Amino acid sequence: MAPASDLAIETSGLVKTFGETRAVDGVDLAVRPGTVQGFLGPNGAGKTTTIRVLATLLHPDSGTARVCGHDVVREAAAVRSKVSLTGQFASVDEDLSGSDNLFVLARLLGYKPPQARARATELLSAFGLEEQADVLVKNFSGGLRRRLDVAASLVVRPDVLFLDEPTTGLDPVSRSRVWAVVRAIVDTGTTVVLTTQYLEEADQLADRIAVIDRGRIIADGTSDELKASVGSNALRVRLRDPAQRGIAVRVLERELGPDGEITADTSRRGHSPGVQPPGPPGGRTAAGPSDAGHDGTNNGGREGGPHNGDPAALSMRVTDGGDGKGVERATRALAELTREGVALADFTFERPSLDEVFLALTGHHAETRGKAGRKGRAADPQGGRDGS
Amino acid sequence: MSGPGTGGGGSVLALDGDGLDAAVRSALRTGEERPPRPGAFAMCLIFCQRALFKIRRDPQQVFDAVLFPVMVTLVFTFLFGGAIAGSTDLYLQFLLPGVVVLTVVMISMNTGVALNVAVSSGIDDRFRSMPIWRPAMLVGELLSDVVRYLMASVVAVLLGLLLGFRPHGGLLGVVAALAMVQVFAFSLAWVWTALGLVVDKPQTIMTLSGIGVFPLLFASNIFVSTHSMPGWLQAVINVNPVTRTVTAVRGLMAGDPTAWHITTAFVADAVLIAIFGPLTVYLYNRER
C-alpha cells in the first residue's frame, strides 16, 4: 500500500480515453488540503473528465488518483463519502422544489425527516433562496439554480468539493456571489477543485491554477506566476471629448510608458503616436464592453475601419511584471488623467484573456475539442469535432 | 458559450455580502455533523419518496394512467364484447382481470422513459458520486411506480363493478389479485429500465417498447381465451408472463384460484427480475 498522503488530491499519470480521444493524457496533480485548485482551459480540454475521474464517475485507463488518501477505483466508496460534486449541468432535480431537493439529499445522508427539512430550510436561507423553497427548480433562473446546486453539495460539509464551471453563463452579480460562497467554503477547511474558462475566476479564487490543454497540464502555478508568463493587461479608456486625446496620450505615456509598454500604432489613421486601438493577439476583444454611442458625440468613427476610427477610444498595454503592480500603475494613470482635467466617459482594465494565456503557453489559440468527456447519451448538438 | 476572457472588469467584485457570508459559514458548521447512513432498503424508500414528490407536483401523469383502463374497458366491452362472448356482460367478466394487467403493462413502459431522462440529467452524477447504495435509485423509482399501478388498477376494477363485473372471489380475491398485478408490473418494469439505459433518446424507448409490448399483450389471453388457437400458438402464449399473470388474476377474482397458476405467475416474475434486474444494475453502474 502506498503511504498515507497528506495531500487532498494526488494523481500520477492519469489517462482517460474515449475511443480515439485522449481526454485526459497523463495528468499529475498534488493539491494540498484547504486550498483551491483551479483548472483553466477551453471546452473539451479535459477539465470535466478529470473531475469525473476524481469523483469516481469514470475509471481511469491508466495512472492513479487518490482523493483524501483513498484510491478512486479501489476505494471508491470511501472517496464518495468525502467528496461532493457540483456538475457542469445543474446537478439538482428540475422537477422538485428547492426545499425537496435538499430534503432528499439530507435524507440520503442520514438525516431523519424533521432534521432533513430543517437542514433544507437552513441551507436555503443561507444561500438566499428562502423564496424559492417551494418553487420547482425548472422555474429557477440560472443564478439561483447554481446557488442551489452549490448548497446541495454542502448538506454535509465535504472534505473535497468539485465545482465544474460554477459560473459559466452567470451574470456578474451571481458570479460574485458564487465566488463569495466558495471563499467561505474554503475557510472552513474544504478543499475546492474548480474548473473554469475564465482566467479572472481562477485568479480570484484559486491558490494554484493548472492550465489544461488537450488533456495535458501545460502550466501549473499561482496566478501571479501564470500571469507573469503571459504578460500584459490592457487599460482602455473612452474620452468624453475627443479633442483631449492629445493630453490623454501624453499622460498615459508618462504614467505607463517606462515599464508599461504602450504599444504604438501610428500608421493606421494618423492618430497620435504611442497609443493604439485595441488589438490583442487574435484581435478578438476589440472595443471591450463600452458601447459607442453612449454620449452621441463619437459616431464619427464609423465610416473608416472598425474601432481605430474612434477618436475617443484609447487602449494601452500594461505589463504586470509578475508583481501585481500593473493594476496600481493603471489606477495611478487614471487618477493622473483626472488631475490633468481629462474627462472620461468609461474605462476598463482587462486581464489577458484565456486565449492570450494559451497563445503564450502553447503557441496556439485555445480551441474546443469534441465533448468527449460529456455524457454520450444525452443528445449533443455540438457533438462533432470542430477542433483544429 | 461566449468566448473566454469576457469577465469584463473588476467593478462588481465588491458585492460579497457579509450577511450572506456569515449565514453560509453557519450553515457549513451545521454540515460538520455526519449522521449515520441509512441502510440500503431505507435508501430505496427515500428515492421512492422523491419520485412521489414529483407525482404530487404533476398529477397529470396520474390522470393519464387512469384514463387508459377506462378507455380500454369501454371500447372492448361494448364494441367487441358482444361479438367475442355473445354478450357484453359475459365478456366483461372475462375481460376485466385482463384489462387490469394490460393497464399496468402500459404504464410500466413509462418507467424506462423516466429512467432514461433521470440518468441523462446532472442529478444522476451527484447521486453516483455520493455514498449511497447505487441500485437504490432504480428500486426507488420502480417502487414509486407501484403507486401509479395501484391507482390505475383500482380505477379499472371500480369501473368494472359499475358496468356489471361481479368477482366471485370477493374482496379478498380482488385484493389478492391486485397484489399479484403489482408484483408483476414491478417485475416487468425492469425490462423497460434496462432498455432505458441502453437507448439514447426517450422517444426511441417509446417506439421500441411499443413494438415489444404489442406481441406481449396480444399474444396473451387478455382479450380472448386460447382454446380456439392452433396448438403451437397456445404453447407460445402459455409461456408469456402476461398470460401467466392474467390466468392467476382471473382465478383469484373469480374465486377459483389454482396453486399452479399462481406459482407459475410468480415464477415468471422471478425470471423477469433475475434476468433484467442484474442487467439493469450492470448497465446503470457502467461508465456513462
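The values are calculated or read from the model by the stated rules, or taken from the named source; none is laboratory data. In this text the structure is predicted, and so the values were computed from the model without any measurement. Reconstructed Cβ throughout: ideal geometry from the backbone, glycine too, with neighbour counts over all protein chains shown.
Annotations for the structure displayed:
- Of the residues making up region B:97-129, those that are more than 13 Å from the chain's Cα centre (by Cα), crowded, with 23+ Cβ neighbours inside 10 Å and either more than 14 Å from chain A (Cβ to nearest Cβ) or part of a loop (DSSP other than H, G, I, E, B) (or both) are B:97, B:98, B:99, B:100, B:129.
- Odd one out for residue B:46 among (1) hydrophobic (A, V, I, L, M, F, W, C); (2) within 9 Å of chain A (Cβ to nearest Cβ); (3) within 15 Å of the chain's Cα centre (by Cα): (3)
- Residues in region A:148-181 that are in a helix (DSSP H, G or I) and either at pLDDT 90 or above or of a type in the set (Phe, Trp, Tyr) (or both): A:148, A:149, A:150, A:151, A:152, A:179.
- A count restricted to region B:84-108 and to residues that are in contact with a helix residue (DSSP H, G or I) (Cβ under 7 Å, 6 or more places away or on another chain), under 17 Å from residue B:168 (Cβ atoms) and touching a residue at least 60 places away in the same chain (Cβ under 8 Å) stands at 7.
- For region B:226-239, a residue qualifies if it is surrounded by fewer than 13 Cβ atoms within 10 Å (Cβ to Cβ) and within 22 Å of residue B:269 (Cα to Cα), and the qualifying residues are B:233, B:235, B:239.
- When residues of region A:126-137 are limited to those that are more than 25 Å from the chain's Cα centre (by Cα) and closer than 24 Å to residue B:46 by Cα, the one surrounded by the most Cβ atoms within 10 Å (Cβ to Cβ): A:132
- Condition broken by residue B:21, with the remaining ones in (1) at pLDDT 90 or above; (2) within 14 Å of chain A (Cβ to nearest Cβ); (3) over 25 Å from residue A:94 (Cα atoms) satisfied: (1)
- The listed residue being more than 18 Å from the chain's Cα centre (by Cα), within 22 Å of residue B:189 (Cβ to Cβ) and in a helix (DSSP H, G or I), out of B:66, B:72: B:72
- Hey, residue B:210 buried (at least 17 other Cβ atoms within 10 Å of the Cβ) and more than 30 Å from residue B:168 (Cα to Cα) or not: no
- Only one of the numbered conditions (1) within 22 Å of residue A:197 (Cα to Cα); (2) within 13 Å of chain B (Cβ to nearest Cβ); (3) of a type in the set (A, V, I, L, M, F, W, C) is violated by residue A:68, and that is (1).
- Hits in region B:240-260 (condition: in contact (Cβ under 8 Å) with a residue 12 or more places away in the chain, part of a helix (DSSP H, G or I) and surrounded by fewer than 20 Cβ atoms within 10 Å (Cβ to Cβ)): B:254
- Screening residue A:115 on (1) over 21 Å from residue B:137 (Cβ atoms); (2) part of a helix (DSSP H, G or I); (3) in contact with a strand residue (DSSP E or B) (Cβ under 8 Å, 6 or more places away or on another chain) shows it passes everything except condition (3).
- One residue stands out among those in region A:324-344 that are more than 28 Å from the chain's Cα centre (by Cα) and of a type in the set (A, V, I, L, M): the one that is farthest from residue A:242 (Cα to Cα), which is A:335.
- Residues that are in contact with a Gly (Cβ under 7 Å, 6 or more places away or on another chain) and among the small types (Gly, Ala, Ser) were ranked within region B:178-212; the one that is farthest from residue B:284 (Cα to Cα) is B:209.
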